[in-house]
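Here, each number is a calculation from the coordinates, and none is a lab measurement. This is a predicted model, so every value here is computed, not measured. All Cβ positions, even for glycine, are placed from backbone atoms using ideal geometry, and neighbour counts span all protein chains on display.
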Amino acid sequence: MKLLTQEVDRIVGRALEEDLGWEDITTRSIVPPNARGKAVIVAKRRGVLAGVDVAVAVFRRLDPDLSVDILTTDGVWVEPGTLLLRIEGRLPGILAGERVALNFLQRLSGIATATARYVQAVAGTKVRIIDTRKTTPGLRVLEKYAVRIAGGFNHRFNLSDGVLIKDNHLAALRSLEVGLRQAIQMAKENVPHGMRVQVEVETAEEAEEAAAAGADALLLDNMALPDMRRVAGRLRGKVILEASGGITLETVRAVAETGVDLISVGALTHSSPALDISMDLEE
């Protein structure tokens, strides 16, 4: 479950370029370039840690000679006061990297924490919690990693990963007098062999029509629980069933118990609050 070093370096480089501008003028103006010190990064609230390797990459990009010790690994529940990283070396690199390193840790740990809570909420069922493409532009690889590290699973990474015929696709085709069944047949004929074709449906009747037309998976969009149970009772094992749309931590268990296979939660990556994490210099 390791992140690709090249991808992390690219994202970290852009983040530092954004944050530093020409230079860290505050540090340059008051801190001697060879002044040395130590700092620790510490959790301030309970949550699941994610993004340690990214934070390390931030400091080492700024100063390869910095010593960065990992004290807690990704995927672990941490309590307030848990030490996550210790950094030692020249102070300019430590100070310049603080905000970017914390931004990554807080954002990714927030996603991991939310994911872990959803996974816990459906424990004992066979349902998988999955993410969506509702990610921060440029950070998708990291945010989807945070979902995985907390026990969730990834949906499509991008539009080339699989076919998902959504309501707007069908609306566009209706103007061409192409219906649901024909759309599924067209997809089956035009995508690579073995690629799954998924269709978004809103009613039990649409679900049965799509399954009969050869869909491999159905996305049950904002469907009422009784309709989900009806669809699962008739189609489970024949097609993959994914529930989606407005599912919260309070409702996810009831959705899981309808018999669906997957539950996608866009809020994991678009609305999870950051986990409170800070960096303190040791005097």
Cα extents of segment 122-270 along the three principal axes, largest first, in whole Å? 43, 37, 26
Gaussian network model of the chain, Cα springs within a sub-10 Å range: biggest mean-square fluctuation belongs to which of LEU159, LEU235, LEU85? LEU159
With labels modelled as points extended 7 Å from the Cα through the Cβ direction, what inter-label distance (nm, one decimal) is found for GLU208 paired with ARG229? 1.7
Which of LEU142, LEU71, LEU173 moves most in a GNM of the chain, Cα contacts under 10 Å? LEU173
Quick one: among SER67, SER29, SER271, which has the greatest mean-square fluctuation in a GNM of the chain with alpha-carbon springs under 10 angstrom? SER29
Take the Cα pairs of segment 186-283, get the Kirkwood Rh, then feed it into Stokes-Einstein at 10 °C and 1.306 mPa s and tell me D in µm²/s. 104
Across 10 Å bins beginning at 0, the whole-percent shares of Cα-Cα pair distances in the chain come to 6, 25, 27, 19, 13, 8, 3, 0
In whole angstrom, largest first, the equivalent ellipsoid semi-axes that the Cα gyration tensor gives for segment 82-143 are 32, 16, 7
Would you please give the residues with an amide H less than 5 Å from that of LEU164, counting only those at least 5 places away or on a separate chain, with H modeled from the backbone geometry? GLN198
Under a plain spin-label model, where a point goes 7 Å from the Cα along Cα-to-Cβ, how far apart in nm are VAL178 and ASN222? 2.5
I'd like the per residue volume of the convex hull spanned by the Cα atoms of segment 1-111, given in cubic angstrom. 99
Taking other Cβ within 10 Å of each residue's Cβ, how do ARG10, ARG148 sort, fewest first? ARG10, ARG148
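If the viscosity is 1.002 mPa s and the temperature 20 °C, what translational diffusion coefficient in µm²/s does Stokes-Einstein give for segment 178-231 when Rh comes from Kirkwood over Cα pairs?
My calculation gives 187 µm²/s for D.
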Between segment 180-252 and segment 61-138, how far is it from one alpha carbon centroid to the other, in angstrom? 34
Could you give me the ³J(HN,Hα) list for segment 271-277, computed from phi with Karplus coefficients 6.51, -1.76, 1.60 and θ = phi - 60°, whole Hz, x at Gly and Pro? 9, 5, x, 5, 7, 6, 9
Where a label projected 7 Å from the Cα of SER271 along Cα→Cβ would reach, residues of segment 211-246 with amide N under 13 Å: 245-246
Just want the ordering: VAL260, VAL8, from fewest to most Cβ atoms lying within 10 Å of their own Cβ. VAL8, VAL260
Can you tell me the length gained on complete extension of the stretch VAL191 to GLU282, counting 0.36 nm per residue apart and subtracting the Cα distance? 27.0 nm
Rounded to the nearest 500, what is the chain's calculated 222 nm mean residue ellipticity when only DSSP H runs of at least 4 contribute -39500 (n - 2.57) each, over all residues? -13000 deg cm²/dmol
